[in-house]
Amino acid sequence: MAERVRVVIAEDSVLLREGLTRLLTDLGHEVVAGVGDGEALVETVAGLAGQGALPDVVVADVRMPPTHTDEGVRAAVRLRKDYPGLGVLVLSQYVEEQYATELLAGSSRGVGYLLKDRVAEVREFVDAVVRVAGGGTALDPEVVQQLLGRSRQQDVLANLTPREREVLGLMAEGRTNSAIAKALVVSDGAVEKHISNIFLKLGLSPSDGDHRRVLAVLTYLKS
């Protein structure tokens, strides 16, 4: 059996929360608390820390009451800031890149982001909990794939010149070529040349037609 760890579970679904508790305790780990929302998670961990009994790791759902949007991950980010030695493993139904990026900002020590489907793979899930508790990292392969995709996208934008990025930024504001030319005090022809270079560097071929402008803007906004 892996080293015993102390866990706090934050999951609004009572069924899943009890299931995770049973799964971990059956394998010899200690679930010291189970809560159903982000605020209760922060308060519970603070209370335990005040008693000198900070858990090794928190397992939290990304979306929890009252709005079921980002309460869980917000609580996780706050706990990572308040208790640097606390492991945080978040669970999500889908890959939510923004939340994954925010959670991983700064140090990646003692952090994990798994899809809930991964819980069904019991041994893999428990190993992830133990690894995060010990200061390691546990990232779902799908999360890694999306984050790498984001990195590649940023690399593409890095190939643009400062002027091309400026032009692309004005395109993202919805400005026409003429408006961009006026804003930059250059000719329409110069703007068209910059836009052609942008399309080329972003890998947008003429076959994409008018959609190239939209695709270029989307790439910029996602960077």
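The values are calculated or read from the model by the stated rules, or taken from the named source; none is laboratory data. Please read all numbers here as calculations on a predicted model, not as lab measurements. All Cβ positions, even for glycine, are placed from backbone atoms using ideal geometry, and neighbour counts span all protein chains on display. With ligands, DNA and RNA removed, areas are computed over all heavy atoms of the protein, side chains included. Shrake-Rupley method; radii C 1.70, N 1.55, O 1.52, S 1.80 Å.
Some points to look at:
- Filter result (surrounded by fewer than 19 Cβ atoms within 10 Å (Cβ to Cβ), in contact (Cβ under 8 Å) with a residue 24 or more places away in the chain and in a loop (DSSP other than H, G, I, E, B)) within segment 114-144: 134, 135, 136
- Residue list for segment 156-193, filter: touching a residue at least 24 places away in the same chain (Cβ under 8 Å), open to solvent by 30 Å² or more (accessible area, probe 1.4 Å), part of a helix (DSSP H, G or I) and over 16 Å from residue 215 (Cα atoms): 163
- Just one residue in the set 85, 174, 149, 136 is closer than 26 Å to residue 52 by Cβ, among the small types (Gly, Ala, Ser) and at pLDDT below 85; that residue is 136.
- Only residues that are open to solvent by 40 Å² or more (accessible area, probe 1.4 Å) and of a type in the set (Ser, Thr, Tyr) were counted across segment 1-39, and they come to 2.
- Filtering segment 78-100 to residues that are more than 23 Å from residue 19 (Cα to Cα) and either charged (D, E, K, R) or surrounded by 19 or more Cβ atoms within 10 Å (Cβ to Cβ) (or both) leaves 78, 79, 80, 81, 82, 96, 97, 99, 100.
- First in segment 40-64 and of a type outside the set (Gly, Ala, Ser) and loosely packed, with under 15 Cβ neighbours inside 10 Å, second anywhere and at pLDDT below 95 and assigned to a loop (DSSP other than H, G, I, E, B), Cβ under 8 Å, 6 or more apart: none
- The number of residues in segment 78-90 that are over 11 Å from the mean Cα position of the chain (by Cα) and part of a strand (DSSP E or B) comes to 3.
- Segment 52-66 - residue that is in a loop (DSSP other than H, G, I, E, B) and within 22 Å of the chain's Cα centre (by Cα) and, of those, farthest from residue 24 (Cα to Cα): 66
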